[in-house]
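Taking it in order: structure first as structure tokens, then the write-up.
Every read-out reported here was derived from the displayed coordinates using simple, explicitly stated rules and does not represent laboratory data. Model, not experiment: these values are computed from the prediction. Neighbour counts are summed over all protein chains in view; Cβ atoms, including those assigned to glycine, are modelled from backbone coordinates with ideal geometry.
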Ligand code: SAH
């Protein structure tokens, strides 16, 4: 049995066509699942009894088990249990422009960024497409809200689970379903070059964010293992190609780590690296965790870094800080839950 939430509309159409049935039934089913949010196949009113029996035989309406929910004024963090006992997290952030959900794409992560809590648990497995879709459905149900923006910035490296992530995007972007606009969806990668290029060719109008975090190879090597495989020059070349081909602006994420990458000379070097590129930089105040020794840069250092980039004509924003009280740097909730 397979979860129906893992099926793109075209796969569901194939399911019906292969049974010698009508293709449009897939649209009906999609609408019941994502517009009406049914919890039982029997609730599909305009679908024949025979079809419902078949659906029940073939598909499940599995759901993640909510293990923990931590609520603050503008942030809410969820810990979900998967059917095989693994655990993942999702974080809902309330912005002035809407509700943004940060979803996980893997159980654990193999990218080995030294500052990141998620990577302390090595990758156990990729998330199935339906496990990503259900993070949205559950959070919306639990908080009785609609999610307007989605970021793949939770646990895991989305481009290390490329196929499932692309199916996930296709499902949530489908107008007959959740209908989340492509421009409201952001995929964040640590810089897996071949996948950046594959993503470029996919033609999806989804935003791309690159976790850069350093202005040169020396620093990047010391904090991100992926830089041993793909050097900054290669990543930048792929990003330039991506921008040229898609005509879309890319976001560079840059966590400010005290005394590691937050000096004025680093800001200047970063500005040189990004000169003339259609991008903006999102400066991220580091979310400290008890297991990792990095410290957050002071407010003054962050502002100075911001000013230096501005002076050098780089578009830059500082990420609003969310949920340090609710362990919102991804990976923390699971770690705290398991380690007590
Ligand atoms: N693997 C992907 C997506 C997951 S991480 C990536 O690397 O982009 C999402 C973002 O959160 C990344 O930019 C990551 O570097 C950042 N991040 C990880 N740990 C953090 C922490 N403790 N504080 C702030 N940002 C963090």
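Worth a mention:
- FRET efficiency, residue 142 to residue 43 (Cβ-Cβ, R0 30 Å, nearest 0.05): 0.95
- Tilt relative to the chain, helix 264-274 - C-alpha long axis, 0 to 90 degrees, to 10: 50
- With Cα atoms, 0 to 90° folded angle of helix 49-58 axis to the chain main axis: 50
- Antiparallel DSSP beta bridges within the chain, percent to nearest 5: 45
- C-alpha long axis of helix 9-18 to longest principal axis of the chain, angle in °: 30
- FRET efficiency, 1/(1 + (r/R0)^6) with R0 51 Å, evaluated for residue 300 and residue 66 via beta carbons: 0.80
- With the convex hull of its Cα atoms as the shape, the chain has an orientation-averaged projected area of 17.3 nm².
- Zone of residue 83's modelled label, taken as backbone nitrogen in the stretch 138-152 under 12 Å from a point 7 Å along Cα→Cβ: none
- Share antiparallel - DSSP beta bridges, the stretch 146-297, percent rounded to 5: 5
- Inverse of mean 1/r across different Cα pairs in the stretch 2-60, Kirkwood, Å: 11.3
- Counted by neighbouring Cβ atoms within 10 Å, the residues 54, 262 run from fewest to most as 54, 262.
- Added length on full extension, which subtracts the Cα-Cα distance from 0.36 nm per residue, residue 57 to residue 21: 11.4 nm
- Relative contact order %, the chain, counting alpha carbon pairs below 8 Å whose residues are six or more apart: 15
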